[in-house]
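What follows is a single structure, written as structure tokens, with notes after it.
The numbers here are math on the coordinates, done by the rules we state, and not lab data. Remember, predicted model here, so these are calculated numbers, not experimental data. Glycine also receives a Cβ, built like all others from the backbone with ideal geometry; neighbour counts cover every protein chain displayed.
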Amino acid sequence: MNIQTLGASRSSIRVMRIGLLTVGIVLLVEAGGGAQGLSCEGHLVTIAPDGGVREGSKQALRDAMRKGTSIRVGWAIDGNGDGVADVSHWADASFLTAWQGEVFAQVPDIQRQAPRIDPTRIEMPAGEQRWTGLLGTTGTLSGHFSDGTAAPAARVTSTWCVASCPPPSWRLVYQHDADGKPLAGAKDALFDAVRRGYPIRLAWGASFTEGGLARSVEHSAEPVFVTIMNGSELFVQLPEHIAQASYVDPEKAVFEDPAVMWRGLMGTNGSFDAVYVDRSTGKEVRRLPQRVRLAWFAMAPEPACAPQPIVLAVPGGVRRVP
């Protein structure tokens, strides 16, 4: 292996000409060491040189792999221990393997190259010499050259990400029965969707017998006002609209009195307060307290591509003024 010492100010750093990912070089402190992780939009996990998790989770990476998600991997080395990566690399994980809870990625082979300083540059030596690498969530990077030359293993900080985040789509985030008991998803996922500013949609329905006929009705709506109360329940007001003569008989799907408007208030506890109001007088015409099974949807990206939710309920977030 060809080793070059980088001057007095970097005497503890040695450049090892090891082909790595898109750059092909790794910087190592003589005693070994790691660097701060790289960042990406679809972050899954950042692995320290000792194989420990710095951010995210290995489970998130394994889940993404099992779904067939394309993965990109980057790694970085802090050669002088100042907390800043001296060299970093990114590449697609061309072949992934999950083994004993760890994930290993082969990266596409590249032509050998070497870094230089004074001036800073990357040189590509004459002649063809390809390098193939294997990076693992164990914190190790190993590889070999096409001519049979050994490439020593290294300990690196690696960052594993979704290669490309698809456009957001409507996703079921939570569903509960008419008593507010969970059926699917998670209530916290719904709260986080609100805190991330995602559009919300809800759907509900019922089937029953009326006059000896089997009837069913299904509704979907986008709320006009959303409230999370005490971090435990969420309530929405639905758009006001003219009441219909019937919601189950297609022959009677017509507007009733155009002055009478329907309003609804629904919650994750299964509550459903429906009221008919005469807009000409402002008086309540009819009220229908109900219980409802609800499905909640959010226009959201893949979980790995989601931004962090913000904290809305803080002391002094709303205050009265004189």
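Points worth noting:
- Entry for the chain at q = 0.07 Å⁻¹: log10 I(q)/I(0) = -0.49, Debye formula applied to identical alpha-carbon scatterers, no solvent contribution.
- Spherically averaged projected area of segment 129-206 from its Cα convex hull (nm²): 9.6
- Computed packing ranks the peptides 189-196, 149-156, 312-319 as 189-196, 149-156, 312-319, most packed first, by mean other Cβ atoms within 10 Å.
- Shown for Leu238, Leu135, Leu294: other C-beta atoms within 10 Å of each C-beta, ranked fewest to most, produce the order Leu238, Leu294, Leu135.
- Helical contribution to [θ] at 222 nm, DSSP H n ≥ 4, -39,500 (n - 2.57), averaged over the chain, rounded to 500: -1500 deg cm²/dmol
- Counting every other Cβ atom within 10 Å of each residue's Cβ, His241, His89 order from fewest to most as His241, His89.
- Multiplying the residue separation of Gln111 and Phe95 by 0.36 nm and subtracting their alpha-carbon distance yields 3.9 nm.
- Here the calculated FRET efficiency for Ala253 and Asp273, from their Cβ-Cβ distance with R0 = 25 Å, stands at 0.60, rounded to the nearest 0.05.
- Cβ-to-Cβ counts within 10 Å put Glu233, Glu210, Glu41 in ascending order as Glu210, Glu41, Glu233, the fewest first.
- Among 99-109, 246-256, the order from most to least packed when residues are scored by Cβ within 10 Å on average: 99-109, 246-256
- Stokes-Einstein D for segment 169-301, Kirkwood Rh over Cα pairs, 25 °C, 0.890 mPa s (µm²/s): 154
- The lysines whose alpha-carbon is closer than 28 Å to the alpha-carbon of Lys252, local same-chain residues fewer than 8 away aside, are Lys283.
- Efficiency of FRET from Cβ geometry, Arg319 and Arg195, R₀ 25 Å, rounded to 0.05: 0.75
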